[in-house]
Structure formats: C-alpha cells, structure tokens
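The values are calculated or read from the model by the stated rules, or taken from the named source; none is laboratory data. Everything numeric here is computed off the predicted structure, so don't read it as measured data. Reconstructed Cβ throughout: ideal geometry from the backbone, glycine too, with neighbour counts over all protein chains shown. Side chains are part of the model used for accessible areas, which takes the heavy atoms of the whole protein and leaves out ligands, DNA and RNA. Shrake-Rupley method; radii C 1.70, N 1.55, O 1.52, S 1.80 Å.
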Amino acid sequence: MRLLSVALLVPALLAAQRPTAPAAPPRVTLLVPARVWDGLENQPHEGWAVLVRGDRIEALRPRAQLTVPNDAVTIDLAGATLMPGLIEGHSHLLLHPYNETPWDDQVLHEALALRVARAVNHARATLMAGWTTVRDLGTEGAGYADVGLKQAINQGIIPGPRMVVVTRAIVATGSYAPKGFTPEHIGEIPQGAEEAGSAEDLSRIIRDEIKHGADWIKIYADYRWGPNGETMPTFTAEELKLAVEVAKSSGRAVTVHSSTAEGMRRAIEAGVESIEHGDNGTPEIFRMMAQKGIYLCPTVAAGDAILSYRGWRRGVDPDPPSIREKKATFKAALDAGVPICNGSDVGVFTHGDNARELELMVSYGMTPVQALRAATSVNAKMLHWESRIGAVKPGLLADLIAVQGDPTREISATRRVQFVMKGGEIFRRSGTD
C-alpha cells in the first residue's frame with residue numbers, strides 16, 4: 001500500500017518541479033482611423049492612431065510619431081472616427097420593448113428563464129452597437145438575474161457590455177407593482193420591484209441587495225400612487241437620507257427615479273448622486289442639482305418611444321404636451337449647468353438602438369459633442385469609473401469603437417459602428433459581428 005502511495009506521488013512531484021512556460025506577452029494592436037475623438041476635447045484629432053497593449057490603451061498621437069513594435073497587429077479603420085466605447089446610464093437588459101409585450105405581462109407572465117435568454121441577446125446587441133458599459137437600473141421582477149448576467153459577461157461566457165447593477169429597485173409599499181387585482185390576491189402577485197414600508201425596511205433591503213451583488217442602489221422617490229393616480233412623492237426626506245447614509249457606508253451610490261419637483265427636492269437634500277427622468281423639474285430644482293453636482297439622466301428616448309407606440313409620429317405630427325414639457329425641462333437643466341448623462345431607459349425600446357437617446361438629446365438642444373461626452377467621459381465620472389473608462393487616454397481600459405464619419409459633426413454617425421473593442425478584445429470589425 002505504501003509503495004502504491006509513493007508511485008502515485010512521484011508524477012505529481014515531477015509535474016510540480018517541471019518549469020512552467022513563460023506567459024505570452026500581451027497582444028499589441030495599432031488602430032489607424034481617419035481621426036480620434038478622445039471623449040474630452042471639442043474636436044477630433046485628424047491623422048492620429050492608438051496603440052493598445054493587452055487590455056489597456058498605451059499611446060495615442062499622430063501616426064508618424066508612434067513607436068510601434070514589430071509584432072503589433074495593425075487594423076486600418078479608413079474613414080472612421082475612433083472614440084471611447086459608449087456608456088449607457090439607464091438600461092433594463094431584462095425588459096424588451098413594450099410594443100412587443102406590455103410591462104405588466106412581462107412581469108406577470110414571462111418565466112425567469114425566458115427573460116434571461118432574451119437578456120443574453122440584449123447584451124450582445126448592446127455591445128455590437130458600440131455600448132461597452134451599461135448601468136442597469138432594475139430587473140423589473142426578474143430578481144437578481146442582472147448579477148448572474150454580469151458574471152456571465154465578466155467570465156467570457158457570453159458577449160456583452162460591462163455591467164453596473166442595482167438588482168431590484170426599491171419602491172414604497174403599494175406604489176408600484178402590477179395593479180388592479182382583487183384584495184384577496186394582492187399578496188400573491190409578482191412584484192416589479194422590492195417594497196419598503198418604513199425606514200427600517202429601507203435599511204434592511206439595501207443591505208440585503210448589497211449582499212446579493214448590487215453595485216448601486218435605486219429608489220423610487222415618487223410614483224403614480226396619488227388618490228387619482230397622480231404622481232406623488234413616496235419616501236419622506238428623512239427616509240431617503242437614511243437610505244443614502246446606509247448605501248454610502250458601503251461605498252455605494254444611490255440614484256432615484258423621480259419626475260416631480262418635490263420628489264427631486266427630497267432626493268437632492270438626501271444626497272443622491274443621480275436623478276432619473278426629472279420630467280417636472282423646475283429652474284430652482286435644476287439650480288440645486290447643479291450646485292451639488294447631481295447628475296440628471298433625462299431618458300428622453302423612453303417617452304418618445306411610448307408615444308410612438310400609441311401612434312404619434314415624430315417630425316410629422318405636432319408634439320404632444322408631454323414632449324413639449326420634456327423639451328422645456330431638458331433645456332432648463334442644460335441652462336442651469338446640471339451635469340447631464342446619457343441614460344435612455346432602453347428596454348422600453350429596442351436594445352442596440354441606444355443611439356436614439358443621443359440623437360434626441362441633440363434635437364432637444366445639446367451639441368453633438370455635449371451628447372457624446374454625456375455617453376463617455378461624463379457617464380464614466382458619474383459611475384466613479386473615470387480612471388478606467390470613458391476616454392481615449394493612456395492607462396485606461398481599451399474600450400474603443402470606430403464609427404463611419406465624424407460624430408462630433410453628425411451625431412447619427414454613432415449608428416454606423418464598424419469596430420468594437422472591449423478590454424483589448426475585438427468583438428466587431430468592418431461592420432460584421
């Protein structure tokens with residue numbers, strides 16, 4: 001028996017003593033576009049190129065001034081603008097367009113496995129369209145599936161953008177969820193978010209979501225729960241302050257859904273880091289946001305999409321009141337100097353069509369460069385990831401895309417994606433997946 005043990009041990013000892021092969025040097029790639037827009041400046045740099053080593057950007061400068069290793073792979077991106085990978089600030093990868101299936105039916109009737117299978121396709125479509133990072137703001141009844149989706153992407157199991165997740169959004173008891181059921185069955189109905197009925201609930205739920213993998217915390221500061229279905233504030237100012245304090249003690253930020261001036265005011269005073277929608281913000285509210293550096297994710301594409309499902313034709317029919325009001329509040333936020341990030345609420349409309357938000361922000365008053373910054377360097381700063389992504393800068397992750405044309409002049413060029421790199425890995429080239 002002893003001889004057998006020794007015999008079994010010898011191969012293991014020999015394997016342990018065998019010298020390991022040296023690690024392969026990181027791949028070096030030279031990207032040669034017509035121009036480079038770095039995510040920060042007003043104008044792109046004509047004739048510049050970018051050198052990528054491994055998963056990082058190593059250098060960018062005029063092509064003739066770059067020292068390129070002999071083993072570098074050169075990729076010609078003629079006619080294209082190379083720029084940072086785009087960042088989506090308000091996504092729902094576990095939803096699909098409401099003109100396909102209404103929100104209630106997705107929450108009530110679609111199995112979790114079905115929703116995750118769709119989300120895998122949504123993640124791929126998002127990445128292939130040039131969006132290399134998303135902040136996903138709620139699974140809408142799909143539990144903690146966003147955490148698993150994020151892990152599958154990070155482990156290379158499926159292609160997709162980098163994900164920042166919130167798991168289940170937090171709502172005041174009775175304010176959200178599918179409604180219209182008999183009182184006897186209300187407790188049995190699947191929920192679109194996690195309900196909190198007190199400050200103690202908020203503390204417990206936030207800690208529980210962190211345990212389940214939440215990167216940010218999302219709270220509904222108001223919703224359509226007034227006596228006649230009006231949008232009214234949900235949590236008190238004190239409750240929101242406690243929520244922010246609990247989240248911040250773990251190093252996490254809080255964002256709120258809010259479309260009323262009062263809901264926004266309470267959120268601002270509580271110290272949240274971003275506000276989603278902001279439909280009825282006032283000049284005073286936007287001044288407060290600007291003073292405190294609180295980001296606005298305007299989600300203009302979501303309202304535009306919902307109205308289109310009801311038959312409104314943008315550019316043909318007159319603007320309905322909600323669109324006129326949205327344009328006015330967007331301009332007020334812009335004029336007040338509020339930091340505006342790109343957040344579209346995609347999922348309400350088709351994943352991969354995220355450029356819709358950029359185009360609308362320009363039509364609502366931003367310059368193309370302002371809109372591009374909102375989806376790159378501004379969103380990176382909002383996520384506290386400016387040292388990782390959001391710009392073409394040495395040392396940052398090589399999340400890079402190339403689009404045909406110059407998006408600083410024509411924002412719709414962001415639809416013409418011909419090259420996608422994430423972390424130095426090429427996912428799309430020459431318009432093919």
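Just a few scattered comments:
- Taking the criterion of being open to solvent by 40 Å² or more (accessible area, probe 1.4 Å) and aliphatic (A, V, I, L, M), the only residue of region 278-303 that qualifies is 288.
- Figure legend. Inter-residue proximity from region 381-409: first residues at pLDDT 95 or above, second residues among the aromatic types (Phe, Trp, Tyr) and open to solvent by 20 Å² or more (accessible area, probe 1.4 Å), beta-carbon distance below 6 Å, spacing 6+ or different chains. Indicated pairs: 382/295.
- Residue 148 being of a type outside the set (S, T, N, Q), assigned to a loop (DSSP other than H, G, I, E, B), modelled with pLDDT of 95 or more and more than 9 Å from the chain's Cα centre (by Cα): no
- Output for region 204-214, where each listed residue is more than 15 Å from residue 251 (Cα to Cα) and either touching a residue at least 24 places away in the same chain (Cβ under 8 Å) or crowded, with 21+ Cβ neighbours inside 10 Å (or both): 205, 212
- Where a residue in region 30-52 is exposed (fewer than 14 other Cβ atoms within 10 Å of the Cβ) and its partner, wherever it lies, is of a type in the set (A, V, I, L, M), with Cβ under 6 Å and at least six apart: 42/369
- A single entry from 187, 160, 174 fulfils the requirement of being of a type outside the set (A, V, I, L, M, F, W, C), part of a loop (DSSP other than H, G, I, E, B) and at pLDDT below 90: 174.
- Qualifying residue in region 172-193 (condition: closer than 19 Å to residue 259 by Cβ, among the charged types (D, E, K, R) and under 16 Å from the mean Cα position of the chain (by Cα)): no
- In region 323-351, the residues that are part of a helix (DSSP H, G or I) and open to solvent by 30 Å² or more (accessible area, probe 1.4 Å): 324, 325, 327, 328, 331, 334, 335, 336
- Some residue of region 235-256 being closer than 19 Å to residue 177 by Cα, open to solvent by 10 Å² or more (accessible area, probe 1.4 Å) and either assigned to a helix (DSSP H, G or I) or out of contact with any Pro (no Cβ under 6 Å at 6 or more places or on another chain) (or both): no
- Residue within region 215-234 that is modelled with pLDDT under 95, open to solvent by less than 30 Å² (accessible area, probe 1.4 Å) and farther than 25 Å from residue 110 by Cα present: yes
- Test for residue 182: is it buried (at least 24 other Cβ atoms within 10 Å of the Cβ) and of a type in the set (Ser, Thr, Tyr): no
- Considering (1) outside any helix (DSSP H, G or I); (2) in contact with a helix residue (DSSP H, G or I) (Cβ under 6 Å, 6 or more places away or on another chain); (3) not charged (D, E, K, R), the lone condition that residue 426 does not fulfil carries the number (2).
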